[in-house]
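Taken together, the values in this text are just the output of simple stated rules run on the coordinates, not laboratory data. Predicted model, so just to flag it, every value in this text is computed and none were measured. Cβ coordinates were reconstructed from backbone atoms using ideal geometry, including for glycine residues, and neighbour counts include every protein chain displayed.
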Amino acid sequence: MEQEEILHEFEKVGAVRHGHFKLTSGRHSDTYIQCARVQEHPDLTLRLAKEAVARLPKDLNIDLVASPAMGGILWGFPVALAMGKMMIFAERKEGKMVFRRNFEVPKGARVLICEDVVTTGGSVKEVCDLVEAAGGNVVAVCSMIDRGNKNHAFDKPFYPLLKLSVPSWLPDECELCKKGVPIDSPGSHFLK
């Protein structure tokens with residue numbers, strides 16, 4: 001699938017929104033990608049996950065997929081399914097990402113981190129740190145969307161399905177805030 005075709009699929013299901021948004025990272029943007037609208041369609045989500053897996057280098061030799069909650073779970077699961085691998089997820093407890101539910105990372109496991117949308121990569125970095133603290137080896141990151149930030153918080157090879165150059169701003173630099181445009185907070189930032 002070409003980038004234009006993937007973007008068309010996102011637009012067709014209403015996943016691309018325009019307005020004034022507070023992102024999970026805390027930054028503001030005039031465009032919001034609501035991956036959950038794609039994930040309402042399991043057949044589309046699985047087709048996109050298979051496309052993402054086909055683009056990964058064959059020599060990664062993934063043992064395990066790990067994702068941050070919330071949106072990352074809905075992307076990590078179909079990617080793991082397409083790869084035939086196990087999948088675990090991290091969730092916030094008292095503001096910090098942790099593995100719960102007796103999830104384990106086998107020592108030396110080669111782990112692919114999956115996230116739905118990457119802006120700053122902060123949640124991805126937290127999961128990378130958890131995996132490595134447990135003795136795993138994060139070999140790559142795969143996302144549905146890369147919002148075009150060149151300075152991600154993580155330093156792993158990154159394979160986004162779709163790259164979008166979507167501007168985002170710190171709240172005190174946001175022109176939409178200065179104009180008094182009402183803000184929407186559709187993401188999972190409240191889980192921090």
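Among the cysteines of the chain, those with no neighbouring cysteine Cβ under 4.7 Å are CYS35, CYS114, CYS128, CYS142. What is the sum of charges, Lys and Arg at +1 and Asp and Glu at -1, for the other residues whose Cβ falls under 15 Å from the Cβ of ASP30? My count for the surroundings of ASP30 gives +3. Other residues whose C-beta falls under 15 angstrom from the C-beta of CYS177 contribute a net charge of -1, scoring Lys and Arg +1 and Asp and Glu -1. Within the listed set VAL13, VAL65, VAL141, the Gaussian network model of the chain (springs between alpha-carbon atoms below 10 Å) gives the highest mean-square fluctuation for VAL13. Among ASN61, ASN137, ASN149, determine the one that fluctuates most according to a GNM of the chain built with springs between C-alpha atoms less than 10 Å apart. In the Gaussian network model the winner is ASN61. The helix-only estimate of mean residue ellipticity at 222 nm for the chain, built from DSSP H runs of length n ≥ 4 each weighted as -39500 (n - 2.57), is -9000 deg cm²/dmol after division by the residue total. Please state the shape class of segment 42-175: rounded when a/c is under 1.5, otherwise prolate if a/b exceeds b/c and oblate if not, all from the C-alpha gyration tensor. It comes out oblate by the Cα gyration axes.
Tilt of helix 3-12 relative to the longest C-alpha principal axis of the chain, in degrees (0 to 90, nearest 10)? In the chain, helix 3-12 runs at an angle near 60 degrees to the longest axis. I'd like the distance separating the alpha-carbon centroids of segment 84-135 and segment 1-22, in whole Å. Each part reduced to its Cα centre gives a spacing of 26 Å.
Contact order, relative form, for segment 3-191: 24 percent (alpha carbon pairs under 8 Å, 6 or more residues apart, mean separation divided by residue count). With axes computed from alpha carbons, what is the tilt in degrees of helix 122-133 against the longest principal axis of the chain, rounded to the nearest 10 within 0 to 90? Tilt relative to the chain: about 20 degrees. Could you give the angle, 0 to 90 degrees to the nearest 10, between helix 42-55's Cα long axis and the longest principal axis of the Cα atoms of the chain? Long axis of 42-55 versus the principal axis of the chain: about 70 degrees. Across the chain, the longest piece that holds none of the GluC sites (Glu not before Pro) lying in DSSP loops with up to 10 other C-beta atoms within 10 Å covers 95-192. Under the shape rule built on the C-alpha gyration tensor, where the axes satisfy a ≥ b ≥ c, segment 1-112 is oblate, since a/c reaches at least 1.5 while a/b does not exceed b/c.
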